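Here is the structure we will look at, set down as structure tokens.
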Amino acid sequence: MSVIVFGLVQLVPGDPIRLALGTRFDQETYDALLARSGLDQPLVQQYVTWAGRALTGDLGVSFRSGETVTSLIGERLPATLTLAFASILVALLIAVPLGTLSALRPRSVVDRVATVLSQIGISVPEFWMAIVLILVFAGTLGWLPSGGYVPLTEDPGGWAQRLLLPAVVTGVVSGSVITRFVRSSVLEALGADHVRTAQAKGLPGRQVFTWHVLRNALLPLVTVTGVQLAYLLSGVVVVEIVFAWPGLGQLALQAVQSRDYPVLQGAILLFAVVFLLINLVVDLLYTAIDPRIRR
Amino acid sequence: MSAPLLEVEDLRVRLRTPRGPAEVVNGLSYTVGRGETVAVVGESGSGKSVSVLALLGLLPARVATVTGSARLDGEDLLTMSPERLREVRGPGVGMVFQDPMTSLNPVLTIGRQLVEGIRAHGEVSKAAAREQAAGLLAEVGLPDPQRALDRYPHELSGGMRQRVVIAIALSNNPALLIADEATTALDVTVQAQILDLVAELQSEHGTGVIWITHDLGVVAGIADRVLVMYGGRCVEDGTVDDVLERPAHPYTRGLLGALPDLAQVGDGELATVPGVPPAPTDLPPGCVFWPRCPVRSDPRCETEQPPLAVVGTSGGTLPHRAATWCEEGSPR
């Protein structure tokens, strides 16, 4: 995996040193910088050096700012974590009730409306939705700031205000995807034979629904939520840019623009690790939810 | 004779399907007495399962229209309030479903699934309900019932699961037990054990039983009366002896004729009833069995639905009835 990360970054066209130096420079400075950054080494050598250091937690130094990549990522991580978890919360708050209602009354008005809404949510570009929301809530109504980020510890009110719009944009998109899954998994759970057994026992409807339908529909929901969370954690670039949200997506974009290989490699490596971690968590949750997987 | 436990009258079920309305059950009437076992037999698609699911309101209301009446102890199941129906499910009627592999919830323990049924019908503490559940599992012959309570369905074999399903159906001492192909998915030895078990419980508690099956061997073994269904109608009913020994309807004869004779070894071909049952969206106008009937002795067969008429009462007090234009003793 680290080979792929490294290789992909090397494919980015452009010369980082030239970009760092600007239009006017002399050959000596160029050579000196090249030697210091290690870019004059053969690629294999560069990879081995980078991978070796990465293993010890040293992801190198940014070409652009001179800061270590780990500290750059560390600075951005809280913002991304905040946005990702807030978004997934919004997504679930939308998807679980809406998907469940649709499944309970298939082909009803609620179901049709939910289908259309989730179709819109999936297909509308995030930047467009973000801009519309900013125009309405920050511009016309003036209720919320148009962007930026304040740490929770400094100003909880401002933190929540600034979090709301970006979380809604990404939450609506993820929520639209998850709604579809909730609908189909609840529908499937409703049709299961054991639901009839539960009804035949004379259980109250609510109990049948909670323990014999929702409980069983939870499994696919965990999977799709995990996938969505992984996607959100790897930085929702567009939304972070529009809302001036200082997260990892923004960092990665800046790194691409300035050919800042160490930062870009570090960010991509982190995304990959996050993805694996989330998959691990999903698997662990599965064993907690489904006794058939337990040993 | 005292009032029967269950009195079904003119039960009709119509299902909305993509191919138009399906008349799945068409005017079914029968009774089940206390302690009596009524077997309902017929091919797949003859409306057996739907007719009993309709009794308990277990058909999806969006697609099923149920008419007629079904009085359990004088109270009509088909018109009672949803809350009253919920109270009846369990103590009034217990139901055992066909497939033990899918009729238990895979993510809840056996104990939980039993306990919730017990606690849905009375103030019982969790601990007491758990004790009761263990007792039930012991009663249905599950080894080590205390430990079985904490197991999940997938940890048990099919036969064991079906015992659990039966234990759930029996957990509120139902007045009527409906077993829908309860042993079809099991192997023969397990089936025999389960049949014995139900007979035993029946003699202890005086439970009335509706046993749905297409296994005539099972019918002969456990039933007092038989009801033969075809195309959503009762085509013949009567005591086991009457129906199995002196079948009056060509369809019943066909079913009995299709039983392979194990004593006969050789290359003899299996007898069948040729053709398939009519689609419930497209029932024939006359006798439902006419398109497949080998007799067709009467001109009315094709055009007029024969009524269920008494053909004899040789077995005892119960009439032997059949819905056919065929004269008794007409050629097979």
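The values are calculated or read from the model by the stated rules, or taken from the named source; none is laboratory data. All of these numbers come straight from a predicted model, not from anything done at the bench. Cβ coordinates were reconstructed from backbone atoms using ideal geometry, including for glycine residues, and neighbour counts include every protein chain displayed.
Descriptive notes on the structure:
- B:Leu170 being under 19 Å from A:Ala200 (Cβ atoms), surrounded by fewer than 20 Cβ atoms within 10 Å (Cβ to Cβ) and touching a residue at least 40 places away in the same chain (Cβ under 8 Å): no
- Hey, B:Arg71 more than 27 Å from A:Thr287 (Cβ to Cβ), outside any helix (DSSP H, G or I) and more than 11 Å from every other protein chain (Cβ to nearest Cβ) or not: yes
- Candidates in region A:209-232 are the residues that are of a type in the set (S, T, N, Q) and surrounded by fewer than 21 Cβ atoms within 10 Å (Cβ to Cβ); of these, the one that is nearest to the other protein chains (Cβ to nearest Cβ) is A:Thr210.
- Positions within region A:184-204 being in a helix (DSSP H, G or I) and either hydrophobic (A, V, I, L, M, F, W, C) or at the interface with chain B (Cβ under 7 Å from one of its Cβ atoms) (or both), in sequence order: A:Val186, A:Leu187, A:Ala189, A:Leu190, A:Asp193, A:His194, A:Val195, A:Arg196, A:Thr197, A:Ala198, A:Gln199, A:Ala200
- When residues of region A:241-276 are limited to those that are under 30 Å from A:Arg36 (Cβ atoms) and surrounded by fewer than 14 Cβ atoms within 10 Å (Cβ to Cβ), the one farthest from the other protein chains (Cβ to nearest Cβ): A:Gln257
- Residue in region A:277-285 that is within 14 Å of chain B (Cβ to nearest Cβ) and either assigned to a helix (DSSP H, G or I) or over 13 Å from the mean Cα position of the chain (by Cα) (or both) present: yes
- Residues in region B:123-152 that are touching a residue at least 12 places away in the same chain (Cβ under 8 Å) and assigned to a loop (DSSP other than H, G, I, E, B) were compared, and the one that is nearest to the other protein chains (Cβ to nearest Cβ) is B:Tyr152.
- Residues of region A:34-53 that are among the small types (Gly, Ala, Ser), surrounded by fewer than 15 Cβ atoms within 10 Å (Cβ to Cβ) and under 22 Å from A:Ser65 (Cα atoms): A:Ala35, A:Gly38.
- Residue within region A:256-268 that is part of a helix (DSSP H, G or I) and of a type in the set (Asp, Glu) present: no
- Scoring B:Gln193 on the criteria (1) within 12 Å of B:Val209 (Cβ to Cβ); (2) surrounded by fewer than 22 Cβ atoms within 10 Å (Cβ to Cβ) leaves a single failure, condition (1).
- Number of the exception - B:Val25 against (1) modelled with pLDDT of 90 or more; (2) more than 24 Å from A:Val195 (Cα to Cα): (2)
- Residues that are closer than 14 Å to B:Leu197 by Cα and of a type in the set (A, V, I, L, M, F, W, C) within region B:154-167 comprise B:Met160, B:Val164, B:Val165, B:Ile166, B:Ala167, listed in sequence order.
- Of all residues in region B:83-113, those satisfying the criterion of being more than 8 Å from chain A (Cβ to nearest Cβ) and over 30 Å from B:Gln191 (Cβ atoms) are B:Glu83, B:Arg84, B:Leu85.
- Hits in region B:200-239 - residues which are more than 15 Å from the chain's Cα centre (by Cα), among the aliphatic types (A, V, I, L, M) and surrounded by fewer than 20 Cβ atoms within 10 Å (Cβ to Cβ): B:Leu201
- The set of residues from region B:98-109 being more than 25 Å from the chain's Cα centre (by Cα) and either modelled with pLDDT of 95 or more or hydroxyl-bearing (Ser, Thr, Tyr) (or both) comprises just one member, B:Thr109.
- B:Pro60 meets the conditions (1) buried (at least 20 other Cβ atoms within 10 Å of the Cβ); (2) within 14 Å of chain A (Cβ to nearest Cβ) in every case but one. The failed one is (1).
- Breaking point among (1) within 14 Å of another protein chain (Cβ to nearest Cβ); (2) small (Gly, Ala, Ser); (3) surrounded by fewer than 19 Cβ atoms within 10 Å (Cβ to Cβ), for A:Gly157: (1)
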